[in-house]
1. Consider only pairs whose beta carbons are under 7 Å apart and that are at least six residues apart or on different chains; among these, list those whose first residue lies in the stretch 295-307 and is under 20 Å from Glu12 (Cβ atoms) and whose second residue is loosely packed, with under 15 Cβ neighbours inside 10 Å and not hydrophobic (A, V, I, L, M, F, W, C).
2. In the stretch 272-281, how many residues are in contact (Cβ under 8 Å) with a residue 24 or more places away in the chain and out of contact with any Leu (no Cβ under 6 Å at 6 or more places or on another chain)?
3. I'd like to check which helices (runs of 4 or more DSSP H) are fully inside the stretch 19-128 and have at least 3 residues that are farther than 19 Å from Ser3 by Cα and modelled with pLDDT of 95 or more.
4. Sort out which residues of the stretch 195-221 are away from the ligand (no atom under 16 Å from the Cβ) and of a type in the set (Gly, Ala, Ser), and write them in order of number.
5. Please go through the stretch 64-74 and pick out each residue that is within 23 Å of Ile368 (Cβ to Cβ) and more than 16 Å from the chain's Cα centre (by Cα).
6. From the list Val99, Val110, Val30, which residue is in contact with a strand residue (DSSP E or B) (Cβ under 6 Å, 6 or more places away or on another chain) and of a type outside the set (Asp, Glu)?
7. With the condition kept exactly as written, say whether any residue in the stretch 167-187 is more than 16 Å from the ligand (Cβ to nearest atom), at pLDDT 95 or above, more than 23 Å from Met90 (Cα to Cα) and crowded, with 17+ Cβ neighbours inside 10 Å.
8. Within the stretch 79-90, is even one residue hydroxyl-bearing (Ser, Thr, Tyr), over 17 Å from Gly256 (Cβ atoms), out of contact with any Ser or Thr (no Cβ under 7 Å at 6 or more places or on another chain) and in the same structural domain as Ile291 (by TED's automatic domain parsing)?
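The values are calculated or read from the model by the stated rules, or taken from the named source; none is laboratory data. Keep in mind the model is a prediction, meaning the values are calculated, not measured. Reconstructed Cβ throughout: ideal geometry from the backbone, glycine too, with neighbour counts over all protein chains shown.
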Amino acid sequence: MKSFKLTKEQAEILVNKYPTPLAVISTDQVEKNYRFLLDNMPRVRVFYAMKANPSPIIIEKMIDMGSSFDVASDGEIRMLQSMGVRGENMIYANPIKTVQGLMAAAEAGVNRFTFDSEREVYKMAEYVPDAEVLLRVRIKNAKALVNLNEKFGAEPENAISLLNLAREQGLDPVGLAVHVGSQTLSTEPYYEAFSLCRGIIDEARQLGFSLNILDIGGGLPVPAPDTCVNLENMVREINAGLDKFFPDIEIWAEPGRYICGTVMNAITRVIGKQIRDGKICYYLDDGVYGIFSGVFFDHWEYELNSFKQGKMLPSTFFGPSCDSLDVLTKDYPCPDLQIDDIVVASDCGAYTVASATNFNGFAKARVIHWEKEKERLGTAAEQKSDCEAVV
Ligand SMILES: *Cc1c(COP(=O)(O)O)cnc(C)c1O
């Protein structure tokens, strides 16, 4: 798939107008990513997992296109509520909820929740007594970049007793939920999840439950060039599994990184340069406490583009803070750079600005909307608006 990539000229126009670091978001790319799902997974109702990137630029676009949302806290519920999203278009998909979160949900009319433990049933029964609930089931997936099944998901053998408890407590069990793990590149864990869930749904049916929804969670990969994922094949295989196992069940999904990963470029500048232990070291004006927080929180390696020609030299890139942990990458092949040169990272929309901090007093990157800028800049940017690299 294509992803949003600023050209050298476009990046230069932006840094002449704004100070770096900059986070540039393309809503055309948001639209492409979302439409691909509508076209290629027509059975799936999409709940964007906003934790991956809660920028209002992205959220507004997703609202315009009719998406629903996966929320995990009172803050996310209130933000969406203030942007006009109705509670019926949200699922509170954090299996462990805070009291503040449950109260915000009740107030906003959010009535769908996931859970994976007994205590959560009692909490929901108290604060959202008529809730529709989906039991999150644990699956095994050693292949995901980020394995979420260590933290969440009921053991399958406890599924029926949890569903029974939920019903006894006045909740309405309507389905099952899974999360195969973030950036899962294989469809194997989906099939494992499908067969497991089908078994539980059938067993529950005999006990009078009608579990009519399967939420396949997030995990769809960022379709960036270097991840070598063939998304068309992947979704075709997932669809085939859904049709085989769940012809009679409504399917939901909570994509996060897939929607936002390829929609953002970060523009940074070289603010320092040294040779240390014989190696070239650059200091950028943003680092792992800012946009590049995904180095830690998301195990991600960013592609850094200086738009320069020349011999590739193994280079270290540091962030601007005084902390030694603030390293973006080591031995990264890069032409010789000078102070003030710009370095652009593409495909950095997921789990970057979302977890950026003001550590050490550095301001977070300014987030700007590419299509709006393009409009304002008129022909200067338009002439160079070939913002897609063919992969
Ligand atoms: C984080 C999360 C997601 C999104 O995961 P991605 O891997 O970014 O798609 C979806 N659902 C739940 C419950 C999550 O916690």
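1. From residues that are under 20 Å from Glu12 (Cβ atoms), the pairs are Glu303/Asp226; Ser306/Pro335; Phe307/Lys8.
2. Here is the first cut: in the stretch 272-281, the residues in contact (Cβ under 8 Å) with a residue 24 or more places away in the chain are 272-273, 276, 279-281.
Those still in the list that are out of contact with any Leu (no Cβ under 6 Å at 6 or more places or on another chain) too: 272-273, 276, 279, 281.
Residues in the stretch 272-281 being in contact (Cβ under 8 Å) with a residue 24 or more places away in the chain and out of contact with any Leu (no Cβ under 6 Å at 6 or more places or on another chain): 5 in total.
3. Values: elements: 27-40, 56-64, 74-82, 99-108, 118-127.
Once the helices (runs of 4 or more DSSP H) in the stretch 19-128 are filtered for at least 3 residues that are farther than 19 Å from Ser3 by Cα and modelled with pLDDT of 95 or more, what remains is 56-64, 74-82, 99-108, 118-127.
4. Here is the first cut: in the stretch 195-221, the residues away from the ligand (no atom under 16 Å from the Cβ) are 195-196, 198-212.
The answer is Ser195, Gly199, Ala204, Gly208, Ser210.
5. Asp64, Met65
6. Details: Val99 fails: in contact with a strand residue (DSSP E or B) (Cβ under 6 Å, 6 or more places away or on another chain); Val30 fails: in contact with a strand residue (DSSP E or B) (Cβ under 6 Å, 6 or more places away or on another chain).
The conditions single out Val110.
7. Checked the stretch 167-187: no residue is more than 16 Å from the ligand (Cβ to nearest atom), at pLDDT 95 or above, more than 23 Å from Met90 (Cα to Cα) and crowded, with 17+ Cβ neighbours inside 10 Å.
8. Keep residues of the stretch 79-90 that are hydroxyl-bearing (Ser, Thr, Tyr), which gives 82.
Then drop every residue that is not over 17 Å from Gly256 (Cβ atoms), which leaves 82.
So of that shortlist, the ones also out of contact with any Ser or Thr (no Cβ under 7 Å at 6 or more places or on another chain) come out as 82.
Filter again for in the same structural domain as Ile291 (by TED's automatic domain parsing), leaving none.
No: the stretch 79-90 contains no residue that is hydroxyl-bearing (Ser, Thr, Tyr), over 17 Å from Gly256 (Cβ atoms), out of contact with any Ser or Thr (no Cβ under 7 Å at 6 or more places or on another chain) and in the same structural domain as Ile291 (by TED's automatic domain parsing).
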